[in-house]
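The values are calculated or read from the model by the stated rules, or taken from the named source; none is laboratory data. Owing to the predicted nature of the structure, the values given are computational and were not obtained by experimental measurement. All Cβ positions, even for glycine, are placed from backbone atoms using ideal geometry, and neighbour counts span all protein chains on display. For accessibility, only protein heavy atoms count, side chains too; no ligands or nucleic acids. Shrake-Rupley method; radii C 1.70, N 1.55, O 1.52, S 1.80 Å.
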Amino acid sequence: MSRTVRATAFAGVLTLALSGCGGVGGGSDAGGGTATEGALSTMGFGFSDEIAITRVDAFKRDHPDVDLKVTEGAFDEQQFLSAVASGNPPDLVYMDRKLIGTYAKRGSIQPLTDCVKKQDINLDQYRPAARAQVTLDGTVYGIPEFSTVRVVYLNEGLLKKAGMTADQVNLADWAALPGLNAKLATVSGNRLSRIGIDPKIPEFLPMWAKANGADMLSADGRTARLDDPKVIEALTTGANLIQQQGGWGRFKSFRDTFDFFGAQNPLSKNQIVAWPMEEWFLNQAAKNTPTAELVVKPFVDRQGKPLTQSAGQAWVITKGAKNPDAACAFVKQMTATDTWMAAAKARADARKSAGLPFTGIYTANADADKKIFEELYQPTGNKRFDDAVATIRSVQDAAFAMPASPAGAEFDKAYYDAVNRVLAGQEQPAQALRRAQQEATAALDKAAK
Amino acid sequence: MATVTAPAPGRRRRTPLARREARWAYLFLAPWIVGFLVFYAGPMIASLWLSFTEYDVINPPEYTGLDNYRELMSDPAVARSLGNTVYYTALHVPLVMLISLGLALLLKRVGRLQGFFRTVFYLPVMTPAVAVGILFLLLLNTQDGLINRALGLVGIDGPSWTTDPHWVMPGIILMSLWSLGSTVIIYLAALQNVPRDLYEAASIDGAGAWARFRAVTLPMISGALFFTLIVNTIASLQMFTEVYTMYFGNRETQNSFNSDAASFYVIHLFQEAFQFLHMGFASAMAWLLFVIILVITLVQVKLSNRFVYYEGEDQ
């Protein structure tokens, strides 16, 4: 079947059930060109801040013969697949690292073996967890960008009111968590007005499972281990913490009112005491509530050892990219140490001119982070935030990541659905995860064919 | 022996003027015909072919016969989403029709302010579906939503609209009533077209308000009722945007919570096609939905012959 017919057919599915879709490709005039010439198109990326603008400007400056076209906006599967189906994919796509395994297995993105060799990209500079997420069956398919990690935020003001200190909050002792939660949460009648501990499930279930010594997915991304008793125990622990605070309905509806991006965040409004979250909230807190009594601690496993889960975006080069050489040069420069350094400087300057503290940027490039924090970062003088930065840096190397999987989206859906059924009171953890195991295994087996 | 056959009655040879007019008519119709063939008929035929294949959008499709349809019949997720969609349609359509008719009857009596209220009722239809989804997530919030607060004023402890599987669908149906304005406007137009002398004649015959409504109003607007029945049924079976926004809209929302109870057929189809890359299976799902809609519509049309009155009919 020709590409045209397939593209037509592809539109047909939506014609029957939806209202249609559109694709954005690289443009028909995207010439091949030599190393770094010609048209180059991207998808899934945007000029959201100085970090993005500075790095793209650096590429444009160093590659004046490349006509870069950035189609702004978050990665959209429908848009990407439309472009692929129509035979007109962009050269580069910026996507969540957890999607890479699926697209690599299907052959829609290129192995970067040649690119890494030609451009002499040093893969060792990227953090191991990030590298694992862009590697399927030993082949690298993406170059990692940012690296988010998860830490535990504590509202020390509220802890003091409860007669505690931050050091007394011990997330390693799961048996004591219900008692701690009861002490910190405020539930009166049917109303929850303060969350004690938010386990952040289903999103953070892999981290709770890891803390209990279980990997939900094998390292090769092909075998689900969702019915492992340790995963069941992790889900039971998280679900009980929520149940204790009025049940999922109350808990979620209260949490839905939170605004983590403004001055009226749950920290300043004393709506939550302890919660694991990505490190980016520190930037928001520094910007919006610099006087908050915030303490940041590492998430820990059951032995008390620091643990965190890493995630983030990566650049991939599509199969059928018209200018793979320029694309390769682009990904190299966007993630290179010097480029990150320039971007971090732009961020620090912007923060300085706004009278706000610079709390660093956290990339998947360990060398870049080292340079940024050694040469650019200055302690703010606010001990709480300076300690928080140190904590975040300290856990970067303790990070694990969900491995690349050929059925990553279906695997995620299987365990999210399981957690949701438990939270909604429809199933017990063991029952829900057994069903999820079957669903995930079926999807992984099918994808492996 | 030669035989001369007279032209059959009714098959008169068209005049040059008529032929020229026909040519112009086809010319003016051409954009629609071309659009239909290119954007509807072609993709539909191609998707029918794809429904018999394993196709991930990226690699060429492989013919698998009826495998997708067999899998459709045995997939509990498909059955669940179809069940939810039928449940929604069975409640949403009659509710919209009843409430819209009630509002249209009230609007007809308003008099000079009718234009104002007509606009007010229609305005929500203009709200983007995504905005409606987000708005209702706030309105249906268990602790702080306006709806549960209002219920609290009369001593009712409102349910968990968005997290309790038993209340997710009623919450969605409540949201769907937001945009009944277009049905109201259609009914209002139909009501205004009912000849006044029919009511006068019925009154002279001693008919009360209910009898006039049953014997005059309903038959006279039955065409509009039938039209909205068909249109709302089809739209309900294709429900997507608002619910997708509320429960599946982005990775973060999806990661937070979505319930089996909110899994509609077209949402499941979309996930199969674009998230799991099972485009062949999704094509089969689309055709199953097409057949269901076709059957339901044909049944409705068949039944309409007995219940719907069109102006100009002899009866």
**Prompt:** Restricting the search to segment A:288-302, which residues are more than 17 Å from A:Asp387 (Cα to Cα) and out of contact with any helix residue (DSSP H, G or I) (no Cβ under 9 Å at 6 or more places or on another chain)?
**Reply:** A:Asn288
**Some residue of segment B:225-247 being surrounded by fewer than 18 Cβ atoms within 10 Å (Cβ to Cβ) and in a loop (DSSP other than H, G, I, E, B)** = no
**Residue, farthest from A:Ala343 (Cα to Cα), within segment A:161-186, restricted to residues that are in contact (Cβ under 8 Å) with a residue 60 or more places away in the chain and more than 30 Å from the chain's Cα centre (by Cα)** = A:Ala182
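I'm checking my understanding of the structure. Among residues of segment B:137-148 that are within 12 Å of chain A (Cβ to nearest Cβ) and in a helix (DSSP H, G or I), which one is farthest from B:Ile172 (Cα to Cα)?
We begin by selecting, within segment B:137-148, every residue within 12 Å of chain A (Cβ to nearest Cβ); these are B:137-145, B:147-148.
Then drop every residue that is not in a helix (DSSP H, G or I), which leaves B:137-139, B:147-148.
Numbers: B:Leu137: 10, B:Leu138: 13, B:Leu139: 11, B:Ile147: 13, B:Asn148: 15 Å.
Here the residue is B:Asn148.
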**Asked** In segment A:187-214, how many residues are free of Cβ contacts under 8 Å to residues at least 12 places away in the same chain and under 24 Å from A:Leu136 (Cβ atoms)?
**Response** 1
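Being modelled with pLDDT of 95 or more and touching a strand residue (DSSP E or B) at 6+ places or on another chain (Cβ under 8 Å) narrows it down to one of A:Thr441, A:Thr339, so name that one.
Criteria check complete, one pass: A:Thr441.
Could you tell me which of the residues B:Ala90, B:Ala30, B:Ala129, B:Ala79 is farther than 30 Å from B:Thr162 by Cα and of a type outside the set (Phe, Trp, Tyr)?
Numbers: B:Ala90 fails: farther than 30 Å from B:Thr162 by Cα; B:Ala129 fails: farther than 30 Å from B:Thr162 by Cα; B:Ala79 fails: farther than 30 Å from B:Thr162 by Cα.
Matching residue, one of B:Ala90, B:Ala30, B:Ala129, B:Ala79: B:Ala30.
For residues in segment A:268-277 being aliphatic (A, V, I, L, M) and either in a loop (DSSP other than H, G, I, E, B) or over 30 Å from A:Phe45 (Cα atoms) (or both), which is nearest to the other protein chains (Cβ to nearest Cβ)?
Initially, segment A:268-277 is screened for residues aliphatic (A, V, I, L, M), giving A:272-274, A:277.
Applying the additional criterion that residues be either in a loop (DSSP other than H, G, I, E, B) or over 30 Å from A:Phe45 (Cα atoms) (or both) yields A:272-274.
Numbers: A:Ile272: 14, A:Val273: 18, A:Ala274: 19 Å.
Out of the qualifying residues, it is A:Ile272.
Any chance you could count how many residues in segment A:183-211 are of a type outside the set (A, V, I, L, M) and either farther than 19 Å from A:Val149 by Cβ or in contact with a Ser or Thr (Cβ under 6 Å, 6 or more places away or on another chain) (or both)? Steps first, please.
The first filter runs over segment A:183-211 and keeps only residues of a type outside the set (A, V, I, L, M), leaving A:183, A:186, A:188-191, A:193-194, A:196, A:198-200, A:202-204, A:206, A:208, A:210.
Checking the rest, the ones that are also either farther than 19 Å from A:Val149 by Cβ or in contact with a Ser or Thr (Cβ under 6 Å, 6 or more places away or on another chain) (or both) come to A:183, A:186, A:188-191, A:193-194, A:196.
Residues meeting the conditions: 9.
Check A:Leu235, A:Leu192 and return the single one that is open to solvent by less than 10 Å² (accessible area, probe 1.4 Å), under 18 Å from A:Arg435 (Cβ atoms) and outside any loop (DSSP other than H, G, I, E, B). Before you say what the answer is, go through the steps one by one.
Working: A:Leu192 fails: under 18 Å from A:Arg435 (Cβ atoms).
Exactly one residue qualifies, and that residue is A:Leu235.
Among the residues of segment B:157-184, which ones are more than 12 Å from chain A (Cβ to nearest Cβ) and either closer than 24 Å to A:Gln245 by Cα or not polar (S, T, N, Q) (or both)? Full working, then the answer.
Here is the first cut: in segment B:157-184, the residues more than 12 Å from chain A (Cβ to nearest Cβ) are B:169-170, B:172-184.
Within segment B:157-184, B:Met169, B:Pro170, B:Ile172, B:Ile173, B:Leu174, B:Met175, B:Leu177, B:Trp178, B:Leu180, B:Gly181, B:Val184 qualify.
When segment A:419-435 is examined, which residues are found to be more than 11 Å from chain B (Cβ to nearest Cβ), farther than 15 Å from A:Thr223 by Cα and hydrophobic (A, V, I, L, M, F, W, C)? Write out each step before concluding.
Step one: of segment A:419-435, the residues more than 11 Å from chain B (Cβ to nearest Cβ) are A:422, A:428-434.
This time we only want the ones that are farther than 15 Å from A:Thr223 by Cα, so: A:422, A:428-432.
Selection gives A:Val422, A:Ala430, A:Ala432.
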**Matching residues, segment B:171-189, being assigned to a helix (DSSP H, G or I) and aliphatic (A, V, I, L, M)** = B:Ile172, B:Ile173, B:Leu174, B:Met175, B:Leu177, B:Val184, B:Ile185, B:Ile186, B:Leu188, B:Ala189
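Within segment A:376-412, restricting attention to residues that are within 14 Å of chain B (Cβ to nearest Cβ) and in a helix (DSSP H, G or I), which residue is surrounded by the fewest Cβ atoms within 10 Å (Cβ to Cβ)? Step through it out loud before you land on a result.
Here is the first cut: in segment A:376-412, the ones within 14 Å of chain B (Cβ to nearest Cβ) are A:402, A:405-412.
From what's left, in a helix (DSSP H, G or I): A:408-412.
Details: A:Gly408: 27, A:Ala409: 21, A:Glu410: 24, A:Phe411: 28, A:Asp412: 23.
The qualifying residue surrounded by the fewest Cβ atoms within 10 Å (Cβ to Cβ) is A:Ala409.
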**Prompt:** Taking segment A:413-449, which residues are acidic (Asp, Glu) and either touching a residue at least 24 places away in the same chain (Cβ under 8 Å) or open to solvent by less than 10 Å² (accessible area, probe 1.4 Å) (or both)?
**Reply:** A:Glu439
**Message:** It is to be established whether one or more residues within segment A:304-314 are free of Cβ contacts under 8 Å to residues at least 24 places away in the same chain and either over 23 Å from A:Trp208 (Cα atoms) or not assigned by TED's automatic domain parsing to the domain that holds A:Cys115 (or both).
**Reply:** no
**Message:** Pull out all pairs, ordered by first then second residue, where Cβ-Cβ is under 6 Å, the residues are six or more apart or on different chains, the first lies in segment B:45-62 and is within 8 Å of chain A (Cβ to nearest Cβ), and the second is hydroxyl-bearing (Ser, Thr, Tyr) and open to solvent by less than 50 Å² (accessible area, probe 1.4 Å).
**Reply:** B:Ala46/A:Thr8; B:Ser47/B:Ser283; B:Leu50/B:Ser283; B:Ile58/A:Ser108; B:Pro61/B:Thr53; B:Pro61/B:Tyr55
**Complete:** Filter segment A:147-178 for residues that are in a strand (DSSP E or B), open to solvent by less than 20 Å² (accessible area, probe 1.4 Å) and not aromatic (Phe, Trp, Tyr); the one that is nearest to A:Ala366 (Cα to Cα) is A:Val151
**Request:** Read through the list (1) over 22 Å from B:Ser81 (Cβ atoms); (2) charged (D, E, K, R); (3) within 14 Å of chain A (Cβ to nearest Cβ), then give the number of the only condition that B:Glu200 fails.
**Result:** (3)
**Asked** Quick check: anything in segment B:94-109 at the interface with chain A (Cβ under 9 Å from one of its Cβ atoms) and open to solvent by 50 Å² or more (accessible area, probe 1.4 Å)?
**Response** no
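If I ask for residues that are more than 14 Å from chain A (Cβ to nearest Cβ) and of a type in the set (Val, Ile, Thr), which ones from segment B:126-136 would you list? Steps first, answer last, please.
Of segment B:126-136, the ones more than 14 Å from chain A (Cβ to nearest Cβ) are B:126-127, B:131-132.
Scanning segment B:126-136 gives B:Thr127, B:Val132.
Specify the residue that is farthest from A:Ala447 (Cα to Cα); the eligible residues are those in segment A:221-265 that are hydroxyl-bearing (Ser, Thr, Tyr) and within 14 Å of chain B (Cβ to nearest Cβ).
Filtering segment A:221-265 down to residues hydroxyl-bearing (Ser, Thr, Tyr) leaves A:223, A:236-237, A:253, A:257.
Applying the additional criterion that residues be within 14 Å of chain B (Cβ to nearest Cβ) yields A:253, A:257.
Numbers: A:Ser253: 37, A:Thr257: 39 Å.
The residue in question is A:Thr257.
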**Complete:** Among (1) touching a residue at least 40 places away in the same chain (Cβ under 8 Å); (2) more than 14 Å from chain A (Cβ to nearest Cβ); (3) surrounded by 15 or more Cβ atoms within 10 Å (Cβ to Cβ); (4) not hydroxyl-bearing (Ser, Thr, Tyr), B:Leu123 falls short only on (3)
**Prompt:** Across segment B:214-234, what is the number of residues that are more than 19 Å from B:Val86 (Cα to Cα) and free of Cβ contacts under 8 Å to residues at least 24 places away in the same chain?
**Reply:** 4
**Item:** Matching residues, segment A:52-74, being within 14 Å of another protein chain (Cβ to nearest Cβ) and either open to solvent by 40 Å² or more (accessible area, probe 1.4 Å) or among the polar types (S, T, N, Q) (or both)
**Value:** A:Ala74
